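**Student:** Shown below is the structure under consideration.
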Amino acid sequence: MAYNHGKAEYKWKLWKEKEEKILRDSGVTEDTIEAIRLYDRQVFNSDR
């Protein structure tokens, strides 16, 4: 099966939105959430 970057990125964005909602509800600062998002994006890009 071929890799579909658009589909993988869509799934990644859905996962991040859910994760960030949980973090915000738990009282995590926006700066920390942004740092996590940047790190996760780097990992996403390096895995593909």
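Read-outs: derived from the displayed coordinates by stated rules, not from any lab. Since this is a predicted model, take the numbers as computed values, not measurements. As a convention, Cβ positions derive from the backbone with ideal geometry for all residues, glycine included, and neighbour counts pool all protein chains shown.
**Student:** Being of a type in the set (Gly, Ala, Ser), exposed (fewer than 10 other Cβ atoms within 10 Å of the Cβ) and part of a helix (DSSP H, G or I) is the filter here; which residues of the stretch 1-20 pass it?
**Tutor:** Start the filter on the stretch 1-20 by keeping residues that are of a type in the set (Gly, Ala, Ser), which leaves 2, 6, 8.
Going one step further and asking which of them are exposed (fewer than 10 other Cβ atoms within 10 Å of the Cβ), we end up with 2, 6.
The answer is Gly6, and nothing else.
**Student:** Counting just the residues of the stretch 21-48 that are surrounded by 13 or more Cβ atoms within 10 Å (Cβ to Cβ) and in contact with a Leu (Cβ under 9 Å, 6 or more places away or on another chain), which one comes out farthest from Tyr3 (Cα to Cα)?
**Tutor:** Here the residue is Ile33.
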